[in-house]
1. For D188 and Y45, calculate 0.36 nm times their separation in residues minus their Cα-Cα distance, and state this gained length in nm to one decimal.
2. Ignoring ligands, DNA and RNA, what percent of the accessible area of the chain is carbon or sulfur (1.4 Å)?
3. Which order, highest average first, do 92-98, 223-229 follow once you tally other Cβ atoms within 10 Å for each residue and take the mean per peptide?
4. Which value, in Å² and to the nearest 10, is the accessible area of W67 when all protein chains are kept and the probe is 1.4 Å?
5. Quick one: dipole size for the chain, taken about the Cα centre, charges +1 on Lys/Arg Cβ and -1 on Asp/Glu Cβ, in debye to the nearest 20.
6. Taking the chain as a Gaussian network, where each spring joins two C-alpha atoms under 10 Å apart, which residue of F179, F13, F39 fluctuates the most?
7. Roughly speaking, what is the stretch gain from K202 to K132, that is 0.36 nm per residue apart minus the C-alpha to C-alpha distance, in nm to one decimal?
8. What accessible surface, in Å², does a 1.4 Å probe find on S25, ignoring ligands, DNA and RNA and rounding to the nearest 10?
Amino acid sequence: MMPLYEAKMIHHFDYRWATYERDGSTRLVTTEEKADSSFAALPRYWVAESLVHERLSGHPGDWLLGWRDICRSTDERTMIAAMLPVAAVNHKLPLAFTPHIRLLCAAWSSFAFDYVARQKVGGTSMTYFYLKQIPVPFPAQFRSPGFQGQIVEHLHHLITFDYSADCAQLKAQLDAIFFHLYGIDRDDVDYIMDAFPIVKRKEFSKLGEYRTKRLVLEAYDAIVLGRRNGAPSNSPAGIDDSPLETPK
């Protein structure tokens with residue numbers, strides 16, 4: 001049998017966001033549990049492995065890319081997507097199939113993409129109809145600025161829960177990359193980050209500052225400075241589709 005993932009079990013870069021308890025209730029996975037590579041989120045339902053592989057016939061690799069169907073433009077974040085190991089999913093966790101799964105996951109998780117999504121979604125469902133209208137950079141666009149290698153490396157740390165890395169910093173750097181790829185200038189980045197008031201309010205309450213905005217702007221400025229100084233690209237010439245290690 002294989003677990004059946006529900007939308008509420010995932011969050012940005014996190015397929016172990018929530019877990020079911022034995023009594024049928026749900027709770028968030030703790031930081032200590034996430035640090036344990038052997039910990040797996042418990043689903044409410046299980047599906048025969050043969051049926052899952054039958055439905056995914058022809059899908060290469062050990063990872064899927066899904067997103068939460070239920071969303072609102074007034075939520076903390078509107079578009080919530082994540083990569084997850086091959087498993088069953090329910091109808092509220094639609095899937096996208098692409099050979100560039102990591103690039104698309106990173107793009108969909110960015111504030112730049114999310115801001116556009118907020119202008120599009122008029123109801124409570126992120127349907128394919130909405131999703132196909134929201135612009136995403138082409139895979140080839142990641143090559144020339146030298147961002148491909150950074151995105152792959154950052155995603156590896158985030159998705160495999162490598163707590164030796166500063167996750168907040170990695171996420172901010174990814175967001176800065178996508179603001180540059182979308183051609184958004186610094187003043188507009190400043191404005192867009194303030195368009196997520198719940199994120200801002202929670203961080204002020206917990207941290208005494210809007211840390212995410214500060215880190216994103218700092219990372220954005222670092223990219224600008226690097227370009228002015230002619231910093232060499234650390235990105236491979238092509239698209240890196242080598243598989244991630246499947247979590248145990």
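1. Details: separation 143, 0.36 × 143 = 51.48 nm, distance 4.41 nm.
Contour length minus Cα-Cα distance gives 47.1 nm.
2. 53
3. Values: 92-98: 15.9, 223-229: 11.7.
Result, highest mean first: 92-98, 223-229.
4. 0
5. Working: 28 positive and 30 negative charges, 111 e Å.
Dipole about the Cα centre, nearest 20: 540 debye.
6. In this elastic network of the chain, the residue with the biggest mean-square fluctuation among F179, F13, F39 is F39.
7. 22.1 nm
8. Here the accessible area works out near 50 Å².
The values are calculated or read from the model by the stated rules, or taken from the named source; none is laboratory data. Quick caveat: nothing in here was measured; it's all calculated off a predicted structure. A quick note on method: Cβ atoms are made from the backbone with ideal geometry, for glycine too, and the neighbour counts reach across all protein chains shown. For the accessible areas, the whole protein counts, side chains as well, though only heavy atoms, and no ligand, DNA or RNA atoms are used. Shrake-Rupley method; radii C 1.70, N 1.55, O 1.52, S 1.80 Å.
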